[in-house]
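S.K.: Quick one: the structure is below, questions incoming.
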Amino acid sequence: MSLGADIHPGQREIGYDAIEAQEPTHPKNRQLLEYWRARCVGGDVAPRHDINPLDMPALMGGMFVVEPVDDGTDMRYRLIGAANEQRLGMPFTGRRFSECYEPKMAADQIAIHNRVMERLKPVVLRGNFLG
């Protein structure tokens, strides 16, 4: 899957192009995926109570937590790390994808996140984030 779009009009424009990959290449992303996999028991998803943000303070700035809205037709950022918000140039915490992105990028991101929630498997994207 290849994605490409810009941030919402009137906001800082951010180009984005990504493809799915087998494994992350960035050391922090590899560390996060290894942390998560170590807590997956018997092929199940890691239970929330086994994920402790205090175990990974160096990773928190680049993390985000999303939740489905309107039966998965949109997503909301419940939490987005400060490093992500700094790169994006605006606060995203509490905002819906449809408020943050152009329609195509919002739809692509919603589809990816819905797939993660349906399959209970991580998705690794590799791409360019320009802005």
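The values are calculated or read from the model by the stated rules, or taken from the named source; none is laboratory data. Being a predicted model, the structure only gives us computed values, none of them experimental. Cβ placement follows ideal geometry from the backbone for every residue including glycine, while neighbour counts extend to all protein chains displayed.
S.K.: Hey, among the residues in region 45-75 that are charged (D, E, K, R) and in contact (Cβ under 8 Å) with a residue 12 or more places away in the chain, which one's surrounded by the most Cβ atoms within 10 Å (Cβ to Cβ)? Give the steps one after another, and end with the answer.
M.R.: Residues of region 45-75 charged (D, E, K, R): 48, 50, 55, 67, 70-71, 74.
From what is left, the residues that are in contact (Cβ under 8 Å) with a residue 12 or more places away in the chain are 55, 74.
Details: 55: 10, 74: 18.
Going through the qualifying residues, I end up with 74.
S.K.: Quickly run through region 90-119 and pick out the residues that are under 10 Å from residue 74 (Cβ atoms) and in contact with an Asp or Glu (Cβ under 7 Å, 6 or more places away or on another chain).
M.R.: Scanning region 90-119 gives 96, 97, 98, 110.
S.K.: Looking only at region 90-131, count how many residues are of a type in the set (A, V, I, L, M, F, W, C) and either part of a helix (DSSP H, G or I) or more than 22 Å from residue 20 (Cα to Cα) (or both).
M.R.: Going through region 90-131, the residues of a type in the set (A, V, I, L, M, F, W, C) turn out to be 90, 92, 97, 100, 105-107, 110-112, 116-117, 120, 123-125, 129-130.
Subsequent filtering for residues that are either part of a helix (DSSP H, G or I) or more than 22 Å from residue 20 (Cα to Cα) (or both) retains 90, 92, 97, 100, 105-107, 110-112, 116-117.
The total comes to 12.
S.K.: Given 78, 30, 87, which one is basic (Lys, Arg) and either surrounded by fewer than 13 Cβ atoms within 10 Å (Cβ to Cβ) or assigned to a strand (DSSP E or B) (or both)?
M.R.: Working: 30 fails: either surrounded by fewer than 13 Cβ atoms within 10 Å (Cβ to Cβ) or assigned to a strand (DSSP E or B) (or both); 87 fails: either surrounded by fewer than 13 Cβ atoms within 10 Å (Cβ to Cβ) or assigned to a strand (DSSP E or B) (or both).
From the options 78, 30, 87, the qualifying one is 78.
S.K.: Mind listing whichever residues of region 67-104 are among the aliphatic types (A, V, I, L, M), more than 12 Å from the chain's Cα centre (by Cα) and at pLDDT 85 or above?
M.R.: Start the filter on region 67-104 by keeping residues that are among the aliphatic types (A, V, I, L, M), which leaves 69, 75, 79-80, 82-83, 88, 90.
Retained after the next criterion (residues that are more than 12 Å from the chain's Cα centre (by Cα)): 69, 82-83, 88, 90.
If the condition is that a residue be among the aliphatic types (A, V, I, L, M), more than 12 Å from the chain's Cα centre (by Cα) and at pLDDT 85 or above, then 69, 82, 83 are the ones that fit.
S.K.: For residue 39, are the conditions met, namely being modelled with pLDDT under 90 and either more than 14 Å from residue 97 (Cα to Cα) or of a type in the set (A, V, I, L, M) (or both)? Steps first, please.
M.R.: Numbers: modelled with pLDDT under 90: no; either more than 14 Å from residue 97 (Cα to Cα) or of a type in the set (A, V, I, L, M) (or both): yes.
Taking the combined requirement at face value, the residue does not satisfy it.
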